[in-house]
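Notes follow the structure.
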Amino acid sequence: MIKKRWKMLILAFIVSCSVILGWGASYGFSSNSIVQNTKSVDKATGNFKIGEDFYLENCATCHIPVPPAVLPQETWQRILENPGNHYGVKVEGLTGFSQRLMWQYLQNYSRQLLKDEIEPKYMAQSRYFFALHPNVTLPSPITLNSCIECHTQAKDFNYRVNFDRN
């Protein structure tokens with residue numbers, strides 16, 4: 001616990017210095033900014049890398065990390081704004097600071113809802129998830145744990161399919 005606090009303090013110092021020096025001046029919880037989905041999930045850079053690290057540290061310890069683009073910004077925002085009820089579980093240890101860094105990362109690497117799209121609450125309700133799995137027979141029900149059947153490295157945030165499995 002003490003080691004985690006020191007890590008957070010060091011990261012806070014680094015981020016504070018980067019803000020002071022003018023790196024990454026566009027912070028906030030507004031979901032109105034334009035998202036560029038041309039960036040790769042596993043190539044977060046700059047301040048987004050710190051947000052990705054917080055995301056993986058806080059979320060991937062309980063379940064596999066969901067690639068940000070699978071869910072729209074609106075869903076991620078709703079998840080981060082209410083850590084006291086994360087699908088029926090209270091997420092401990094999130095601070096406003098870590099939430100803000102995770103939001104910046106998730107907002108930048110996620111997608112926006114289409115005009116008439118219903119906001120998905122779960123990955124299995126995401127049109128993007130199904131677009132990524134054409135002609136794939138998916139298990140029923142689809143859960144985060146079922147991803148590991150094909151994406152054997154998903155727990156390490158690597159969703160490349162391992163076709164060499166028996």
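Could you check how many residues of region 135-149 are farther than 24 Å from GLN73 by Cβ and either touching a Leu at 6+ places or on another chain (Cβ under 9 Å) or of a type outside the set (D, E, K, R) (or both)? Give the derivation first.
Narrowing region 135-149 to residues farther than 24 Å from GLN73 by Cβ: 135-141, 145-146, 148-149.
Next, from what is left, pick out any that are either touching a Leu at 6+ places or on another chain (Cβ under 9 Å) or of a type outside the set (D, E, K, R) (or both): 135-141, 145-146, 148.
The number of residues fulfilling the criteria is 10.
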Filter result for VAL15 (surrounded by 17 or more Cβ atoms within 10 Å (Cβ to Cβ), of a type in the set (Val, Ile, Thr), under 19 Å from LYS155 (Cβ atoms) and at pLDDT below 85): no
Filtered residues of region 134-158 (kept if aliphatic (A, V, I, L, M) and touching a Ser or Thr at 6+ places or on another chain (Cβ under 8 Å)): LEU138
Check on SER98, under 23 Å from TYR159 (Cα atoms) and in contact with a Phe, Trp or Tyr (Cβ under 8 Å, 6 or more places away or on another chain): no
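The values are calculated or read from the model by the stated rules, or taken from the named source; none is laboratory data. It should be emphasised that the depicted structure is a prediction, and the values quoted were computed from it without experimental measurement. Heads up, the Cβs are rebuilt from the backbone with ideal geometry, glycines too, and the neighbour counts pull from every protein chain shown.
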